[in-house]
Structures are given as structure tokens and as C-alpha cells.
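Only one structure is covered here, and it is reproduced in the block below.
The values are calculated or read from the model by the stated rules, or taken from the named source; none is laboratory data. The structure presented is a predicted model; accordingly, all values stated were derived computationally and were not measured. As a convention, Cβ positions derive from the backbone with ideal geometry for all residues, glycine included, and neighbour counts pool all protein chains shown.
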Amino acid sequence: MSQFPNRFDIVGSFLRPAAIKQAHADLKAGKISQNDATAIENQQVERLVKKEIDLGLTDVTDGEFHRSWWHLDFLAGLNGADFFEPEHGFVFNGQETRKGAIRIDGKITYNPDHPFFKGFQFLQSIVPAGITPKQTIPSPSVLFPNEAAMIYDNYYHDFDAFLADEIKAYQETVQHFYDLGCRYLQLDDTSWGMWASFSKGKTILPELAPLCEATVKAINAIADNKPDDLTLTMHVCRGNYDSNWAGAGAYDPVADYLAELHIDGYFLEYDDERSGGFEPLKKIADNGREQRIVLGLVTTKKPDLESADLLKTRIKKAAQFVPQNNLCLSPQCGFASTEEGNHLTEDDQWAKLKLVVDTAKAVWPA
């Protein structure tokens, strides 16, 4: 079993400091250059990484400080895909988000000059020995043409042709991250959570089954092609924007598909009743693979600090379906999947992460 996910781990994004928000506003207003904005982002990444290490984390991210969106920035960096602003944003539990979408206007291919590569290189350059830089990118399912997800296809007329091109682009992108030194990469996937939400019952809606099968095919093609010493995990998200959510529902409808994935670990949201019970985890535990399941028991959507005793109790409940040695602990999601961020302060953010670290050390002593 891979050393990652760690017993105490992080999903990826952190609240954007005021300096970054000001830099982005100044860049949009033409007051500073992109190089100036990147320099400010890098300064804040250095500050963030130091705090992560001081907290005791053994894997760290750059907080996604170079991004505005958790997914659209990456997708727009692939050849054949472009960002644009539609008439409306996404709808999150009745709240409309900032406008953003992707239009596929050409063949989807790997971009050797993708800006995420430079971001990883900077992160790696400031991480000391013994600390692993973790990279996050959206799952391939996030780019599936879908009006609800605001992915518009103006090029492909055959989904199988699109999927083949996308898989190749992802395989080459993952390999490039590896060549740059990445050994821990996470796919962020909102599709599973939304498909479970749409299905509501114990089984997936028939019309969603082909999409689930395509996602399994894509993720396994990436996992089976990656170098053996690259840890590949996946975060299943139900939406995270301005402390709001997009989907609700237990994992039951998608559990069989999740159990088919050849990945090293799952980050699963379990911060409130929207996520249902732990019973579906048994399907992953019984799939014959050594995979860690990271319980996202600490919410990133509100500042209230959870009880350590409650977290320990819930871990014990999950251990009825998964061996406790295969479990880990993390926040439920990132703190700022978009640069707006959730309704917490930085102090709240760090208090929650300290709770994760302290609780995990108590449950899984070294």
C-alpha cells in the first residue's frame, strides 16, 4: 500500500490571502502584469507551504493559489478547450456562481506548455526533503460534454472519439507531471457526487450508467498507464462554492463503480447527513485492492470546530465496513475551490487542519 494518502491529509485548496485577491483585481484592471501577479502568488505559496509544514503535514499543496477555478483553469489549458463566460453561472443549492464555462473547439490533446506545470515546478522547488508536493487536477469526467456542467462541444460528433483523445491527453499530462518530479497526484471529481445525487436511491439511473462506465474506463486507463511509484488518488466532491453545495445523497448508487477504480486512495465527503452512511465503503474494502479511504469528516464550509471525540466515534463506525488500518482523515473538501473561498477565516482554516492532524495521530499512533 502506498504511503499516501497520509493518515492526516488535505484535499487541495486553501483560502486565498488578501494579497492574491488584490493582485488578481489589479491584473484584471491592467495595473500589473501577469508576471507581477505570479510573483505575488508565489510569495503567498511560500508562506502557505511553511504553515503546512509547521502544522506537521508530510504532503503539501500550493493551495491552488495560481487558479481562479478548481477545474476550468486546468481544462482550458488543454489544447482544443477554451474558457468563456456564458450568460449564467452554475447553480449551487439555489445560488448562482460566477460565470465560467469550457468550449471544446478542437481536438483535445496534451499541452506541453500547460501553466500548471510551472506551478508544480515552483512548489517542488520550495519543498524541503522529506515533504511531498501534491498536485491536484480535475478528473477526466469533468470535461465530458454536459450543459449542466457547462462543457460545450463544438468539435466532436462521437463520444468515443472524444474519450480516446481525452484519455491520451491525460496520460501524457500525468506522465509530464511525473517527469517533473510529481509523485502524488489527485483527481478531483464532481461527477460521482452529482450522479449519486440525481439517482437518489440505491442504484444509478439507467441513463447515467454509460457516463459512469466511461469514467471508470478513463480513470483506469490513466491509473494503469502511470509509473508505479506515482500515487494516484481521487476526491469525490458534491460542490464547493462560497460555502454552498451542489449535490446531496449517499454513495450507494455509485459505489459499485468506485470500487472498480485502480487508484490508490479515495477522498470522500462525510461532513454532514448529505453524504449518507458508511455502508457503501464496504464495496471498496472488498474489491481485492489495497486502497486507502480518506474520511472527510471535518467541514470546510463553516467555521464551527468539530469535536475530536465525535470524529473518533465516526471513524470507529466507518471501521465496521473498512479495516481501520485502511482509513485516513481529512477535511471534507478544499477551503476555496474557487478564489472566492468559503466563509471561514484563515485562523478557522488552520484550527480545522490542526484538529485533523491531532485526531489522526491519536487514532493511528506511530
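With respect to the conditions (1) of a type outside the set (S, T, N, Q); (2) assigned to a loop (DSSP other than H, G, I, E, B); (3) surrounded by fewer than 21 Cβ atoms within 10 Å (Cβ to Cβ); (4) touching a Gly at 6+ places or on another chain (Cβ under 9 Å), Phe335 lacks only one, and its number is (3). Within the stretch 160-197, the residues that satisfy the criterion of being surrounded by fewer than 21 Cβ atoms within 10 Å (Cβ to Cβ) and touching an Asp or Glu at 6+ places or on another chain (Cβ under 9 Å) are Tyr178, Arg183.
Residues considered: Leu143, Leu163, Leu123. Of these, the only one that is touching a residue at least 12 places away in the same chain (Cβ under 8 Å) and farther than 21 Å from Phe83 by Cα is Leu123.
Residue-wise test of (1) touching a Cys at 6+ places or on another chain (Cβ under 9 Å); (2) in a loop (DSSP other than H, G, I, E, B).
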residue	(1), (2)
Glu213	no, no
Ala221	no, no
Arg238	yes, yes
His262	no, yes
Leu268	no, no
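Report yes if Gly63 is surrounded by fewer than 21 Cβ atoms within 10 Å (Cβ to Cβ), under 26 Å from Leu185 (Cβ atoms) and in contact with a helix residue (DSSP H, G or I) (Cβ under 6 Å, 6 or more places away or on another chain), otherwise no. Judged against the criteria, Gly63 is not a match. The set of residues in the stretch 253-268 that are charged (D, E, K, R) and either within 16 Å of Ser139 (Cα to Cα) or modelled with pLDDT under 95 (or both) comprises Glu260, Asp264. The set of residues from the stretch 33-61 being under 14 Å from Phe120 (Cα atoms) and either of a type in the set (S, T, N, Q) or without any contact (Cβ under 8 Å) to a residue 60 or more places away in the chain (or both) comprises Thr38, Glu41, Asn42, Thr61. Checking every residue in the stretch 16-27 against the condition of being of a type outside the set (Phe, Trp, Tyr), touching a residue at least 12 places away in the same chain (Cβ under 8 Å) and under 30 Å from Glu147 (Cβ atoms) gives at least one match.
Against the definition (among the hydroxyl-bearing types (Ser, Thr, Tyr) and surrounded by fewer than 21 Cβ atoms within 10 Å (Cβ to Cβ)), how does Thr313 come out, yes or no? In short, yes. Name the single residue, out of those in the stretch 20-49 being more than 22 Å from Lys352 (Cβ to Cβ) and among the hydrophobic types (A, V, I, L, M, F, W, C), that is surrounded by the most Cβ atoms within 10 Å (Cβ to Cβ). By that ranking, first place goes to Ala23. Taking the stretch 316-366 as the range and being of a type in the set (Gly, Ala, Ser) and either more than 19 Å from the chain's Cα centre (by Cα) or within 18 Å of Asn6 (Cβ to Cβ) (or both) as the test, the residues that pass are Ala318, Ala319, Ser330, Gly334, Ala351, Ala360, Ala362, Ala366.
Would you confirm whether or not the stretch 70-79 contains a residue that is part of a strand (DSSP E or B), surrounded by 15 or more Cβ atoms within 10 Å (Cβ to Cβ) and touching a residue at least 60 places away in the same chain (Cβ under 8 Å)? Yes: one or more hits.
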